[in-house]
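Here is the structure we will look at.
The values are calculated or read from the model by the stated rules, or taken from the named source; none is laboratory data. For clarity, every value in this text was computed on a predicted model and none was experimentally measured. Here the Cβ positions follow ideal geometry from the backbone for every residue, glycine too, while neighbour counts run over all protein chains shown.
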Amino acid sequence: MNEPRPRRVALNVAAAALLLAGGKTVVGLATGSIAVLSSALDSAGDALASFANFIFLTIASKPPDEDHPFGHGKAEHLAALLQGAILLGGAVVLGVRAADRIRRPVAIESSAAAMITMVVSIAATIAITTYLKKNAVRSESTALAGDAMHYTSDIVANLATIAALVLVRATGNPLFDSIFGVTVACWIAWSSLYLLWNAGNDLMDVALPDVEIAAVIEAIERTDPSVTGYRELRTRRAAGVRFIDFELCIDRTVSFERAHDATEKVKAAIRERFPRTVVTIHAEPA
């Protein structure tokens with residue numbers, strides 16, 4: 001059975017977030033709960049961000065053309081940058097509001113409807129996050145990984161909200177809400193900076209991780225006895241596709257056909273370890 005493509009995953013998540021926002025709106029209007037209505041607005045923003053992910057992933061899935069001979073994969077890293085910017089912006093807003101409430105405490109709504117809605121919201125968001133993480137790993141999608149980070153921050157924020165509501169109800173001290181708010185804002189800000197750093201590195205064509213480069217070198221050196229070494233190894237990744245190019249040094253005494261076979265063997269060995277890879281090799285006599 002084929003796994004869902006990243007763009008379909010993003011669209012499914014956007015639809016789920018929109019349904020969650022609609023449910024929260026109905027509960028919020030029925031109970032008059034400001035907290036639930038605020039959570040509904042947050043879920044609507046999540047749906048919008050996931051739909052933006054779908055648009056970027058649709059662009060990234062386009063095949064190479066005359067103007068983009070290496071494909072459109074970097075659009076996926078733009079989606080990750082967008083997710084990071086949204087997270088960072090949300091962290092700043094949350095931190096400012098929480099700090100302001102430390103200076104000017106206000107009464108916190110802790111109705112049963114708000115508590116139940118938050119619990120249901122957490123359960124639904126955990127399911128969405130699990131779905132995103134699973135498909136992000138399978139497709140090596142930075143955009144889906146960024147969206148998963150986004151929904152993880154929602155889980156942390158909702159758990160902190162429930163903890164704050166419980167402590168406020170138990171102690172009558174509204175400062176707990178502000179303290180939890182500042183803590184969550186700092187965590188989200190750190191996570192967003194990590195996401196922005198990784199997405200920026202991918203856009204700047206950072207080399208593959210050392211462990212992957214070591215696997216490539218092993219494939220080069222151990223695949224065929226006529227291969228004497230390599231030069232100018234360059235690697236990068238875009239939208240889960242690895243790009244590897246280098247000069248392959250081959251014993252000058254072997255025939256042209258033998259050199260060609262050795263080159264193809266090295267390509268096959270690299271692709272066996274990393275299936276979604278574009279390998280470009282220039283054979284040099286040694």
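What to note about this one:
- Residue tally, condition over 23 Å from residue 141 (Cα atoms) and either hydroxyl-bearing (Ser, Thr, Tyr) or touching a helix residue (DSSP H, G or I) at 6+ places or on another chain (Cβ under 6 Å) (or both), over segment 267-279: 1
- Applying the condition of being among the aliphatic types (A, V, I, L, M) and over 14 Å from residue 267 (Cα atoms) to segment 214-249 and asking which residue is surrounded by the most Cβ atoms within 10 Å (Cβ to Cβ) yields 239.
- When residue 164 is tested against (1) within 18 Å of residue 17 (Cα to Cα); (2) more than 24 Å from the chain's Cα centre (by Cα), just one condition goes unmet, and that condition is (1).
- Residue that is surrounded by the most Cβ atoms within 10 Å (Cβ to Cβ), among those in segment 132-181 that are farther than 30 Å from residue 274 by Cβ and β-branched (Val, Ile, Thr): 161
- Scope segment 245-286; condition of a type in the set (Asp, Glu) and within 29 Å of the chain's Cα centre (by Cα); matching residues: 245, 272
- Criterion applied to 247, 218, 232 was being modelled with pLDDT of 90 or more and in a helix (DSSP H, G or I), and the one residue passing it is 218.
- Unmet criterion (only one of (1) outside the structural domain of residue 84 (by TED's automatic domain parsing); (2) more than 30 Å from residue 6 (Cα to Cα); (3) in contact (Cβ under 8 Å) with a residue 60 or more places away in the chain) for residue 175: (1)
- Near pairs, Cβ below 7 angstrom, 6+ apart or cross-chain, from segment 268-285 (without any contact (Cβ under 8 Å) to a residue 40 or more places away in the chain) to any residue that is of a type in the set (Lys, Arg): 277/242; 277/271; 279/267; 279/271; 281/267; 285/252
- Residue count for segment 197-215, restricted to those that are over 27 Å from residue 79 (Cβ atoms) and touching a residue at least 40 places away in the same chain (Cβ under 8 Å): 1.
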